[in-house]
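Undergrad: Questions regarding the structure given below will be posed in turn.
The values are calculated or read from the model by the stated rules, or taken from the named source; none is laboratory data. Because the structure is predicted, anything quoted here is derived from the model rather than measured. Note that each Cβ is placed from the backbone with ideal geometry, even for glycine, and that neighbours are counted across all protein chains shown.
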Amino acid sequence: MGTRAWMALALLCMGVVGAKIGVAADWSVVPAVELRSEYDSNINFTTYTKQKDYIFTLSPSAEFNYSTDISKLQGRLGLKGMHYLSQSHLDHVDQNYQINGNYAATPRLNFLLKSAYIVDTTLTEELDASGVIIGRTPRESILMNPGFSYALTEQLLATVTYNFNKVGYADPRFRNYATQQANLRLDYLLKDQKTTLIGNVVAGHTSYPDNDSFQSLGTYLGMNRKFSENWEATLVGGINYARLDFSTQVLDYSYFPFFILVKTARKKESAVNPYFSFSTTRRWTKASFTAGYSRDQSASAYGGVSQTNRVNLSFKYDFTERLAGNLYGDIYRSENTSELNSSKSNVYQFSPQITYRLTEKLSLTPAYRFGYREDPVIHRSANRHNVWLMLTYSYPIHYQR
C-alpha cells in the first residue's frame, strides 16, 4: 500500500511540475551498477554476542535530472541486493526511490517537492534517521514533503512546507509511527548580500499504535554567513517543546491484601529541550571540508522522543584527476525515554576511503570503517570493523534541446 500511495502522489506532483515546461530543456540519465565485497566484524553492532560475516552486494540504480528555465525534476531509482555468506537469513533487497521537484510559477512563487519510498534493514539507516541502533529488521519508510516559497520582498523569502513520514518495522518488538510536520521559515538577506537571518517555526505530531503520541513545537533563530565564494557557515538555535501522551500500567491496591489489580491508564508528560545546529563548508582548488553539529529530537522505533547530539566531519582531497581520498567521521549521542524503553547510546564512527577512476565510467574504491558503541546505562561497549572493496560502473546519458 505504501508503494502505490507514494507512486500516485509522486506522479501527480511530477505532472504539476512538468505541466508548463518551456521549449528549452536539459535532461540527463545516469544508470549505474555497484559491486561490493565486504567484511564485517560485528554485523549487528551489538555489545553482546558478536557475529562476523562476509557480505556481497549488487546495487543497480538510475538517477535522472530534467530542467528548463522554470522547472527542475530530479529522481533516483535504486536497488541493493545483499547476500551474507554465513548468516544467509539476513539476505535482503533494499529499495530506494526518490523524486524531487521545483517549479517557478511566477518570478516570486516556487512550488517545491521532496518524496521518497525506502525499504532497508535499519542498522545504520535507523542510526541516521533517529540517532539509535535497533536490532536488524526490514524497515519501510514513505516520505512526502511538498511546499512553496514566496519572495515577500527582494530581501525577505518565506517558505512553507508540510512533511509526512510513515515508518513501519517487520519486527513486532519495534513500534511503527507516522509523523506530520508543518514548517514556516523566513530568510532575510542583509544589505551586505553575505548574511542571511533565519527564523523557523516547526509544529509536529507523531502517532504510535494504541493511541500513543507526542506533539512538538520548535522555534529557532539563526543566520547564514558567506565569508567568501568558497566558505560559508550556518548557525541556528532555539527550543523544542514536546508533550507525550501514552498508555501505561498502574497498580490498584483497593483490594489489598486479597489481590492487586493491574490497570491501564493514560500518562501525560511534557519536556523542553534546547535545539542547536551548526554547519560549515570550505572549498579549495583540490580539497573540500564540511563539519556540522546538531542537537535535536525525533521519533524512533522505541516510541517516545529521542534526544540526539550529532557531529559529522568530511574531508575530500583530489590527489590527481583520477585519484581522490575521502575521510569521514560521525558521533551520535542519543537518549531515548518512553514507557517501553529507556536507553542511552554513544556511537563513534571513522572511515577513510580511496577512489581511483580506472576509466571515465569505471572506478575502484577500497575503504575501511571503524565503529565504537557504548551503553552508559549497562556499562557495556563494542567495536566494529568494516573493510570493503567496491567497483562502480556508470554510463551518463545527456540530452539538450
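Undergrad: Tally up the residues in segment 171-199 that are among the aliphatic types (A, V, I, L, M) and touching a Leu at 6+ places or on another chain (Cβ under 9 Å), please.
TA: 5
Undergrad: Under the condition of being among the charged types (D, E, K, R) and surrounded by 14 or more Cβ atoms within 10 Å (Cβ to Cβ), which residue from segment 184-217 is nearest to Ala301 (Cα to Cα)?
TA: Applying the filter and picking the extreme gives Asp212.
Undergrad: Further, regarding this structure: Here is a list: Ser86, Ser37. Which entry is surrounded by fewer than 17 Cβ atoms within 10 Å (Cβ to Cβ), in contact (Cβ under 8 Å) with a residue 12 or more places away in the chain and in a loop (DSSP other than H, G, I, E, B)?
TA: From the options Ser86, Ser37, the qualifying one is Ser86.
Undergrad: For Ala324, state whether it is among the hydrophobic types (A, V, I, L, M, F, W, C), closer than 14 Å to Ile133 by Cα and either modelled with pLDDT under 95 or buried (at least 18 other Cβ atoms within 10 Å of the Cβ) (or both).
TA: The answer is no for Ala324.
So that you can scan it fast, the table gives a plain yes or no per residue for (1) more than 24 Å from Arg243 (Cβ to Cβ); (2) assigned to a strand (DSSP E or B); (3) touching a Gly at 6+ places or on another chain (Cβ under 9 Å):
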{"site": "Ser141", "(1), (2), (3)": "yes, yes, yes"}
{"site": "Thr153", "(1), (2), (3)": "yes, no, no"}
{"site": "Val167", "(1), (2), (3)": "no, yes, no"}
{"site": "Leu197", "(1), (2), (3)": "yes, yes, yes"}
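Undergrad: Report, by residue number, each residue of segment 275-296 that is free of Cβ contacts under 8 Å to residues at least 24 places away in the same chain and closer than 26 Å to Leu235 by Cβ.
TA: Selection gives Ala291, Gly292, Tyr293, Ser294, Arg295.
Undergrad: Looking only at segment 96-112, which residues are aliphatic (A, V, I, L, M) and part of a strand (DSSP E or B)?
TA: Ile99, Ala104, Leu109, Leu112
Undergrad: I need every pair where a residue in segment 297-312 that is touching a residue at least 40 places away in the same chain (Cβ under 8 Å) and among the aromatic types (Phe, Trp, Tyr) has its Cβ under 8 Å from the Cβ of a residue that is surrounded by fewer than 19 Cβ atoms within 10 Å (Cβ to Cβ) and not in a strand (DSSP E or B), sequence separation at least 6 or different chains.
TA: The qualifying pairs are Tyr302/Leu340; Tyr302/Asn341.
Undergrad: Name the single residue that is nearest to the chain's Cα centre (by Cα) among those in segment 38-80 being within 22 Å of Gly101 (Cα to Cα) and acidic (Asp, Glu).
TA: Glu63
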